[in-house]
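The values are calculated or read from the model by the stated rules, or taken from the named source; none is laboratory data. Bear in mind the structure is a predicted one, so any value in this text is a computation, not a measurement. For neighbour counting, all protein chains shown are included, and Cβ atoms are generated from backbone atoms with ideal geometry for every residue, glycine included.
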C-alpha cells in the first residue's frame with residue numbers, strides 16, 4: 001500500500017476513530033516483503049526470513065495457539081507438562097537425543113534451547129543455531145516437525161518428569177505468585193483465567209493418568225493452531241520447500257475442537273481485590289480500566305499502528321507526570337507508572353489501561369486518593385501541550401532509532417515479532433513502513449485526539465478494577481475490601497485541577513569550557529583501537545565498529561574507589577544517592593525535559609577500587625553526550641529534596657526485606673563467606689536512615705575532581721574526525737590534580753578459607769530448602785584458568801541436569817557458575833545453587849559434592865566436555881560482533897592489564913579433559929568449602 005493511501009486514511013483520525021472504526025474502512029497493512037509467509041493445506045502457517053545478524057546463525061520457533069486455558073479441571077498443569085515432555089523423547093529423537101544432538105552443535109539446553117507455556121499460547125525455541133551445514137538446518141526443522149505431531153509421551157518418562165515439575169512449582173511459588181493467584185480469583189471470579197495457572201495443581205501433576213496427557217496433545221497440538229518461524233542466515237526457498245516436504249504428513253484435524261478464547265466480563269461496579277502474604281515486602285496498588293481489544297481486522301490496519309503510537313505517547317506523557325510527583329519528598333506514593341496491557345497481563349479478550357504505585361506501609365488509602373486524583377485529572381483535562389510535545393518527540397525518536405538500526409536487527413527480534421503476530425495478531429509491515437507512516441500521520445493527530453482517547457479509556461463508572469497487595473502483618477494496615485471500595489468511589493468524586501506544566505528554556509550548557517588538546521595519537525593493531533593522550537593526562541581509546549548503525553557506548557575508569565578514602569560511605573550508599581539531584585542548573589525532572597528527543601545518557605558508579613562513568617548515545621547526539629560527561633564530572637547537582645525522596649523510597653523498599661526468605665539467604669551467604677567485613681554488608685533500612693548526604697556528595701566530588709588518571713573508552717559507529725574536537729572541548733578541559741591515586745587491592749575483602757557450614761530455618765509459606773555451595777581455592781589469574789573454571793561450571797551444569805534433575809527429580813534446576821577473582825589474591829570460586837524438597841535436601845547436596853569429587857578423580861564426561869567447548873566457541877564468535885563485549889575487553893586490557901581476548905580460541909581449543917580433571921582436583925584438595933542451607937521451620941503436627 002502506498003504512503004499516500006496511508007495518509008488519506010490518517011486524515012480520519014481526529015476524534016480517535018481507531019477504537020470505533022468498522023472493519024470495512026480498515027485496509028490491512030502490507031506484510032514486510034522480506035518475510036515469506038505461507039500456509040500448508042493442513043493449516044500450518046510459516047514465516048521465513050533471511051537475515052545475517054548474526055552471520056551463520058538462525059532461530060527456529062514453533063508457536064502454538066494453545067495454553068493452560070484449554071485444560072479441563074482434570075488436566076490442570078498438563079499444557080506445561082506437555083512442554084516439558086517435548087524434550088524427553090520424540091519420534092526421530094528418542095529419550096534425551098534431541099538435547100544431546102543440539103548441544104553437540106553448541107545449542108545449550110536452557111540457554112539457546114527452551115520453551116514457555118502461557119494461558120493462551122505455548123512457544124518452543126531453538127536459537128543461535130549454526131547454519132554452516134545443511135544437515136543442521138534439516139535436523140532443526142525435523143525437531144519442529146516432531147514437536148508439532150510426534151512427541152513420544154512415554155509413560156516412564158512422564159513419571160520421571162513429575163518430580164521435576166513439582167520442584168519447579170516449589171522454586172517459583174513465592175509471595176508474589178501466591179498473591180497474584182489470590183487477586184485473579186477475586187478480579188475474575190468464576191472465570192477460567194483465574195483457575196488455570198500454567199504450572200497447574202500439584203495433585204493433578206503428580207497423579208494424572210498417562211492417557212490424559214496424550215489426549216490433550218492429540219486434541220490441541222495440530223497444524224491449524226501452529227506457526228513455524230525460521231529467521232537467520234538461511235536460503236528461504238530451500239527452507240520453504242523443506243517445510244512443505246516435512247510437514248505434509250502432519251494430518252489436518254478432522255472435526256477439530258473449536259479454539260474458543262475465554263471472554264472476560266465487564267463490571268458495572270468497581271471491583272476491589274486485596275491479597276496479603278507474610279513474605280511480601282512492599283505494598284503495591286494497581287488501578288486498571290478494562291476495555292475490549294481492537295478487532296484484529298482493524299488492529300492489522302493502519303489504525304492499529306496509529307493506536308500503538310498514540311498509546312506510546314500517552315504513557316510517555318503520563319509517566320513523566322507521575323515520575324515528577326515521586327521525585328518530591330513526602331510524595332503520596334513511592335513510585336508510580338502507567339501502561340497498557342492485556343487485562344491482568346494474561347487475557348486475550350480484554351485489554352486494560354493500568355496505573356500502578358508502590359505505597360508506603362500503612363498509607364494505602366492516601367496513595368489511592370492521590371493516584372485517583374491524577375487519573376481523574378487525566379480523564380477530565382488530559383495531558384498538557386508541553387507533555388504532549390515532549391512525549392511525541394521521544395516516541396518519534398524511538399521509531400527513528402529503530403529505523404536507523406534496521407539493517408542490524410537480530411534474528412531473535414524478528415522471530416519474536418513473527419511469533420507474537422501469529423499468536424496475538426497485529427501487523428508486520430517492517431520498520432520502514434512503520435517509520436514512514438508514523439511520521440506522516442503524527443503531525444496530523446492533534447492533542448485533542450489524545451485527550452479524547454484518554455477520556456474514552458478511563459470510564460467514569462464502569463470496568464474499574466482496583467488491586468492491593470502487601471504484607472499480612474498488622475503494621476501494614478491493609479484495609480478491608482469493603483472499606484477500600486468505599487474510599488475508591490469517594491476518591492473518584494474529588495475535585496481535581498488541570499496540570500500546570502513548567503518548562504525551562506535553558507540550554508544544557510550555556511557556554512563550552514576552554515578546550516584542551518590532543519597531544520599524542522597511536523594505533524593498537526591487536527584491538528583495533530586509536531589511543532589519544534590529552535593535555536590533561538586523560539587517555540581516550542576509540543574503536544570503530546559496524547555492529548550497529550547508530551549505537552555508541554562509553555565507559556570511563558579511574559583508580560581509587562571506595563577503598564581510596566578513610567571512613568568512606570558504603571558502596572551501596574554511594575551508588576544509591578550520589579546521582580539523584582540532576583546536573584548543572586537542572587534537577588532530575590528538568591534534566592529529562594531538557595533532553596527530550598535526544599538519545600544520550602551518562603551514569604556514574606563507584607566500586608571498591610575505581611570510580612567511573614558509563615553511557616550510551618547515537619551519532620546525531622554526540623555533543624549532548626559529551627556535555628553530559630563534562631557535567632557529570634564537574635557539576636553533579638546537590639538536591640536535598642531529591643535525596644529525601646530517594647531515602648524514603650529506599651527505606652520503604654528495605655523495611656520489610658527480612659520477611660522474604662531469600663533476603664535472609666543472601667545475608668547468610670555474605671556473612672558465611674566474608675564474615676563481618678563492613679564492605680560486604682548489605683544495606684538495611686536502618687542504614688538508610690543514617691545516610692549523610694553531605695558526606696556522600698563530598699566523597700563523590702573528591703573522587704571525580706581529578707580527571708588526570710581517567711581512561712575513557714568509546715566504541716560503536718564512531719567518526720574520529722568529528723569526535724576529536726568534542727574530546728578536546730569536553731574531556732581535555734577537565735581538571736588534572738595530579739594526585740596519582742592507586743587501587744588498594746590488598747584491602748579487597750577475601751572469601752574465608754576452610755570448611756564452613758551455615759544451616760538455619762526460616763518461616764515460609766511454601767516449604768523449600770535452598771542450598772548455596774562454594775568450593776574455592778588459590779589459582780593463578782590467567783586466561784587458561786578462567787576458561788578451565790568456565791568449562792568446569794558448564795560441565796557440572798550438565799552433570800546436575802542428568803543426575804539431580806532428571807534421574808532424581810530432586811530439583812528443577814541446579815545452577816553451577818564459576819568466578820575468578822583477582823584481588824586481594826587470585827582465587828577461583830565454584831558456586832552451586834538450587835532449591836529442593838526439604839525432605840531430600842541433604843541427599844541432593846550429597847550428590848552435588850559426590851559429582852564434584854567424581855570429576856576430580858575420574859575426569860569429566862567426554863561428551864559433556866566436547867559440547868561445552870563447542871558451545872563456548874560458538875558464544876565467543878557471537879560475542880565478537882557485540883559492542884558491549886569489546887568495551888569490556890578494552891577496559892580489561894588497558895585499565896586492568898588483562899588480555900583475555902587475543903588467544904581465547906587457541907587456549908580454549910587446546911584444553912583437555914585431563915587438564916580440567918587436574919584443575920578440579922587442585923581446587924578441591926585445598927579444602928575450602930562453604931555450605932549455606934536455608935530450610936523451612938518445621939510445622940507443628
Go through (1) under 25 Å from the mean Cα position of the chain (by Cα); (2) without any contact (Cβ under 8 Å) to a residue 60 or more places away in the chain for residue 621 and report which single condition fails. (1)
Given the options 894, 919, 885, 849, name the one that is farther than 23 Å from residue 101 by Cα, without any contact (Cβ under 8 Å) to a residue 12 or more places away in the chain, assigned to a helix (DSSP H, G or I) and in the same structural domain as residue 783 (by TED's automatic domain parsing). 885
Unmet requirement for residue 189, which otherwise passes all of (1) surrounded by fewer than 19 Cβ atoms within 10 Å (Cβ to Cβ); (2) part of a helix (DSSP H, G or I): (2)
Among the numbered criteria (1) exposed (fewer than 14 other Cβ atoms within 10 Å of the Cβ); (2) within 30 Å of residue 666 (Cα to Cα), which single criterion is violated by residue 903? (2)
Search the stretch 421-456 for residues being over 29 Å from the mean Cα position of the chain (by Cα) and part of a loop (DSSP other than H, G, I, E, B), and hand back the single one that is surrounded by the most Cβ atoms within 10 Å (Cβ to Cβ). 445
Condition first: touching a helix residue (DSSP H, G or I) at 6+ places or on another chain (Cβ under 6 Å) and over 30 Å from residue 471 (Cα atoms). Can you find one or more residues in the stretch 654-677 that meet it? yes
Residue 779 is checked against (1) within 22 Å of residue 870 (Cα to Cα); (2) buried (at least 18 other Cβ atoms within 10 Å of the Cβ) and fails just one. What number does that condition carry? (1)
Scan the stretch 656-677 and give yes if some residue there is at positive phi, surrounded by fewer than 18 Cβ atoms within 10 Å (Cβ to Cβ) and either in contact (Cβ under 8 Å) with a residue 12 or more places away in the chain or within 30 Å of the chain's Cα centre (by Cα) (or both), otherwise no. yes
Just give me the residues in the stretch 674-693 being outside any loop (DSSP other than H, G, I, E, B) and closer than 20 Å to residue 658 by Cβ, in sequence order. 674, 678, 680, 685, 686, 687, 688, 689
If you check 204, 250, 254, which single one turns out to be in a helix (DSSP H, G or I) and either more than 21 Å from residue 420 (Cα to Cα) or over 35 Å from the mean Cα position of the chain (by Cα) (or both)? 204
Quick one: which of 473, 477 is out of contact with any strand residue (DSSP E or B) (no Cβ under 8 Å at 6 or more places or on another chain), at positive phi and assigned by TED's automatic domain parsing to the domain that holds residue 373? 477
Filter the stretch 906-928 down to the residues that are surrounded by fewer than 18 Cβ atoms within 10 Å (Cβ to Cβ) and in contact with a strand residue (DSSP E or B) (Cβ under 9 Å, 6 or more places away or on another chain), then identify the one that is farthest from residue 876 (Cα to Cα). 927
For the stretch 457-481: of the residues being modelled with pLDDT of 95 or more and part of a helix (DSSP H, G or I), which is nearest to residue 388 (Cα to Cα)? 457
Anything in the stretch 809-823 that is surrounded by fewer than 19 Cβ atoms within 10 Å (Cβ to Cβ) and under 19 Å from residue 769 (Cα atoms)? List them, or say none. 813, 815
Can you tell me which residue is surrounded by the fewest Cβ atoms within 10 Å (Cβ to Cβ) among those in the stretch 510-535 that are closer than 16 Å to residue 629 by Cα, out of contact with any strand residue (DSSP E or B) (no Cβ under 8 Å at 6 or more places or on another chain) and touching a residue at least 40 places away in the same chain (Cβ under 8 Å)? 514
Any chance the stretch 403-418 includes a residue that's in contact (Cβ under 8 Å) with a residue 12 or more places away in the chain, buried (at least 19 other Cβ atoms within 10 Å of the Cβ) and closer than 17 Å to residue 300 by Cα? yes
Please give the number of the condition residue 767 fails out of (1) buried (at least 18 other Cβ atoms within 10 Å of the Cβ); (2) touching a strand residue (DSSP E or B) at 6+ places or on another chain (Cβ under 8 Å). (1)
Given the conditions (1) within 30 Å of residue 657 (Cα to Cα); (2) at pLDDT below 95, report the number of the one that residue 287 does not fulfil. (2)
The one condition in (1) surrounded by 14 or more Cβ atoms within 10 Å (Cβ to Cβ); (2) in contact with a helix residue (DSSP H, G or I) (Cβ under 9 Å, 6 or more places away or on another chain); (3) assigned to a loop (DSSP other than H, G, I, E, B) that residue 729 fails to fulfil: (3)
In the stretch 551-566, residues that are under 24 Å from the mean Cα position of the chain (by Cα) and either assigned to a strand (DSSP E or B) or at pLDDT below 95 (or both) total 4
Scan the helices (runs of 4 or more DSSP H) fully inside the stretch 65-157 and keep the ones with 3 or more residues being assigned by TED's automatic domain parsing to the domain that holds residue 794. none
